[in-house]
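Colleague: Here it is, the structure in full.
Rule-based calculations on the coordinates, nothing more; no lab input. A quick note: this is a predicted structure, and the numbers were derived from the prediction, not measured. We place every Cβ from the backbone using ideal geometry, glycine too, and count neighbours over all the protein chains shown.
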Amino acid sequence: MSVLLFGVSHRSAPVEVLERLAVSDHDRPKLIDELLSSRAISEAMLVSTCNRVEIYAVVDAFHPALEAVGTVLGDHSGMTVNEMTRHAYVRYSEAAVEHLFTVAAGLDSLVVGEQQILGQIRNAYLSADANDSAGRVLHELAQQALRVGKRVHTETGIDRAGASVVSVALHRAKSLLTDPATGAHRLRRAVVVGAGAMGGLATAQLAREGVTEMVVVNRTVDKAAHLAGNIAANHGIDVRGVGLDDLPAAMATADVVVTCTGAIGAVVGVGSVHSALASRARAGSGLNGRSQGGNAAAPLVICDLGLPRNVDPAAARLPGVHIVDIEGLRGDSETQAAEDDTLAARSIVAAELADYLTHQRQAEVTPTVAALRQRAADVVEAEILRLETRLPDLEGAQRDEVAKTVRRVVDKLLHAPTVRVKQLASTPNGDHYAEALRELFELKPGAAEAVSAPDHLGGLPAGDAAGELGDR
């Protein structure tokens with residue numbers, strides 16, 4: 001069994017393609033079930049973030065599994081296989097593992113070193129586990145990937161600036177709101193659309209940037225109010241939660257709007273933005289033509305961090321509106337980490353990859369070694385029984401000594417080859433040695449697999465639920 005990766009990301013595809021392939025939390029179990037309906041796929045995990053969609057599948061045949069993944073994603077996105085493959089990357093076996101470790105380390109993120117990807121990988125695994133689509137292979141792979149990410153963030157300074165997509169977008173917004181004459185920026189009032197994990201990150205970042213008034217907008221008002229209450233309590237600023245119907249009114253007095261929902265389709269339409277601009281104009285002119293403290297003269301900056309995009313791109317054509325999105329952040333100098341930290345992180349990934357592959361290769365040969373020892377034990381027991389039949393008058397003590405002697409001989413004969421085959425298993429093409437043992441001793445693959453079959457593939461071993469894969 002090997003790991004197959006099929007993915008698209010900000011490095012390989014434009015936003016238009018990413019948003020067509022994006023998978024919501026609601027749709028994720030459905031796609032996983034469709035993947036598992038293929039005989040070529042035994043385990044599956046789907047990672048979907050604002051800048052990547054990746055499927056990790058445990059497969060027994062490359063081409064049938066790749067075809068199944070292409071069919072499922074094609075049906076979901078409405079794209080043909082040719083359309084997808086122009087922007088996709090495929091990794092197999094060791095290369096798939098290396099890619100996941102690189103992603104977990106933050107090295108493949110839009111903002112190099114950001115930590116949010118760890119929570120997203122954890123959630124992808126927990127979703128797969130809850131859907132009974134993560135077995136032993138994906139469990140071990142996800143655990144190791146999370147350890148790699150944590151080690152990189154602990155041992156390097158790759159995230160010392162605390163940068164994230166949110167912080168980089170807000171820095172861009174602040175530059176757009178800065179008065180070139182005085183150098184002062186106007187970032188006092190903000191609106192955050194979305195009360196999920198990204199919304200929580202956005203509200204906290206805005207509070208750190210010095211925002212004094214904030215409105216959290218969400219389809220479910222209770223969630224908006226809950227997040228607003230937390231931010232108000234932790235940062236001591238004026239925050240309230242409202243529903244989507246109140247979005248235009250909230251935008252009318254905002255300096256910046258941050259959208260970060262997983263909704264399919266635009267949450268912020270041109271009409272909503274136009275209505276907000278009209279309210280700003282009325283507030284700015286007043287009845288006597290003098291300014292009443294509104295934002296009519298200031299631009300409205302919208303940071304669209306959703307995938308699919310939350311804001312109708314046509315809104316950017318409205319006067320005074322600037323949209324900062326994922327596409328526009330590519331190549332920003334703030335998204336890059338220091339070269340020394342990046343090299344250190346890559347070194348950790350390489351070392352962890354080598355350790356993981358060594359462990360996996362040794363684990364793969366263990367069933368063969370166990371089956372060989374079981375075959376030897378069966379032969380010994382058969383011969384001892386045969387001896388008792390031929391020599392029924394043999395005393396018990398003598399019979400026991402003969403049995404011990406035979407077992408010692410067999411153990412000594414098997415010791416060197418079984419130890420050596422485990423050592424060789426960790427080398428490239430090490431699986432060939434186990435295959436040779438199975439062939440030489442006529443070991444049935446089913447017998448070897450039965451020896452190492454886990455009692456429970458779907459759940460977490462004791463202690464893991466509160467460890468690497470605990471709630472974030």
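Colleague: For each of 422, 150, count neighbouring Cβ atoms within 10 Å of the residue's Cβ, then give the residues from fewest to most.
Modeller: On the way: 422 19, 150 15.
Final ranking by Cβ density, sparse to dense: 150, 422.
Colleague: Going Cα to Cα from residue 412, which lysines come in below 28 Å? Please leave out same-chain ones fewer than 8 positions away.
Modeller: Cα-Cα hits under 28 Å: 404, 422, 444.
Colleague: Along Cα→Cβ, 7 Å out, is where each label goes; now give me the distance between the ones at residue 197 and residue 440 in nm to one decimal.
Modeller: 4.9
Colleague: Now a separate question. On a straight-distance basis, which lysines could pair with residue 174 in a cross-link, Cα separation under 20 angstrom, same-chain partners fewer than 8 positions away excluded?
Modeller: none
Colleague: Here's a follow-up. Antiparallel versus total DSSP beta bridges in the chain: what percent is that, nearest 5? Can you show the working numbers first?
Modeller: Values: 21 of 45 bridges.
So the antiparallel bridges amount to about 45 percent of the total.
Colleague: What's the ranking of 390-399, 241-250, 188-197 by average number of surrounding C-beta atoms within 10 Å, highest first?
Modeller: On the way: 390-399: 9.4, 241-250: 18.1, 188-197: 24.2.
Highest-to-lowest ranking by the protection proxy: 188-197, 241-250, 390-399.
Colleague: Run the reach check for residue 223 against aspartates and glutamates, Cα to Cα strictly under 19 Å, same-chain hits fewer than 8 apart removed. What comes back?
Modeller: Straight-line reach from residue 223, under 19 Å: 25, 213, 238, 245, 246, 471.
Colleague: Of the listed peptides 373-381, 103-111, what is their order by residue-averaged count of other C-beta atoms within 10 Å, with the highest listed first? The partial results should precede the final answer.
Modeller: Numbers: 373-381: 14.1, 103-111: 24.6.
The packing order, highest mean first, is 103-111, 373-381.
Colleague: Can you classify the chain as rounded, prolate or oblate using the Cα gyration tensor, where a ≥ b ≥ c are the square roots of its eigenvalues, rounded means a/c under 1.5, and otherwise it's prolate if a/b beats b/c and oblate if not?
Modeller: Values: a/c = 3.10, a/b = 2.86, b/c = 1.09.
Note, shape of the chain comes out prolate.
Colleague: For the chain, what does -39500 (n - 2.57) per DSSP helix run (n ≥ 4), summed and divided by total residues, give at 222 nm, in deg cm²/dmol to the nearest 500?
Modeller: Working: 17 runs with 248 residues, N = 472.
Computed ellipticity for the chain at 222 nm equals -17000 deg cm²/dmol.
Colleague: What length, rounded to one decimal in nm, is gained on full extension from residue 406 through to residue 246, with 0.36 nm per residue of separation minus their alpha-carbon distance? Before the final figure, lay out each step's value.
Modeller: Working: separation 160, 0.36 × 160 = 57.60 nm, distance 8.45 nm.
49.1 nm is the gain from fully extending residue 406 to residue 246.
Colleague: Let me ask another. With charges set only on the Cβ (+1 for Lys and Arg, -1 for Asp and Glu), what does the dipole of the stretch 54-137 come to about its Cα centre, in debye to the nearest 20? Intermediate values should be presented prior to the final figure.
Modeller: Numbers: 4 positive and 11 negative charges, 19 e Å.
That gives the stretch 54-137 a dipole magnitude of about 100 debye.
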